[in-house]
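Derivation of every value follows stated rules applied to the coordinates shown; laboratory data play no part. Computed from a predicted model, the values in this text were never measured in an experiment. Cβ coordinates were reconstructed from backbone atoms using ideal geometry, including for glycine residues, and neighbour counts include every protein chain displayed.
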Amino acid sequence: MKKGNKGFTLIEIVISLTILAVALVPMIQMLPGGLIIRAKIERVTKITFLAQKKMEEQINLFHYDFDHDSSISFDPGPTDYSSIGFPGFKFKVTVNVVVTNKLKSLKVTVWYDADNDDVPDSEEDLVVLDNQVASR
């Protein structure tokens, strides 16, 4: 800048805008990826919460009445969580008798059914909890 002139020259403005653009472009490119990761983490957190809730419900049912449905296998098929405000989230409960009706194996599967086919696919977020419950 020359003495006596106030303001910036055209070359100074171009250089400052170039530096600004070089700094902002990577930040702008990271934004969509961060939003996608945030949505996935939120979905997996909801799936985990719903799986723990369903597992506790099933354990409480067994503690209340262990012999209720003492068949060899109980597998009603997938059910969804739409009624409690989680559309697209599905769960499946499987109960198997392990040893002469004294021990039952409990499996809770919860997933986000993106393609709405009632089957957990490899690209869908999924949580599986296994537990065993004994009669008292």
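Each residue of region 12-25 in turn: what ³J(HN,Hα) in whole Hz from Karplus with 6.51, -1.76, 1.60 and θ = phi - 60°, glycine and Pro shown as x?
Per-residue couplings from phi come out as 5, 5, 4, 5, 5, 5, 5, 4, 4, 5, 5, 7, 7, 4 Hz.
Taking the Cα centre of region 10-134 as origin, work out the dipole magnitude from +1 charges on Lys and Arg Cβ and -1 charges on Asp and Glu Cβ, in debye rounded to 20.
Values: 11 positive and 18 negative charges, 78 e Å.
Magnitude of the dipole: close to 380 debye.
Counting DSSP beta bridges in the chain, what percent are antiparallel, to the nearest 5? Show your work: numbers first, answer last.
Values: 24 of 24 bridges.
Looking only at bridges with both residues in the chain, the antiparallel portion is about 100 percent.
Classify the chain as rounded, prolate or oblate from the Cα gyration tensor: take a ≥ b ≥ c as the square roots of its eigenvalues, call it rounded if a/c is under 1.5, otherwise prolate when a/b beats b/c and oblate if not.
prolate
Can you find, among T18, V98, T79, the residue farthest towards the positive end of the dipole of region 10-134? Put +1 on the C-beta of Lys and Arg, -1 on that of Asp and Glu.
Comparing the listed Cα positions along the dipole, T18 ranks first.
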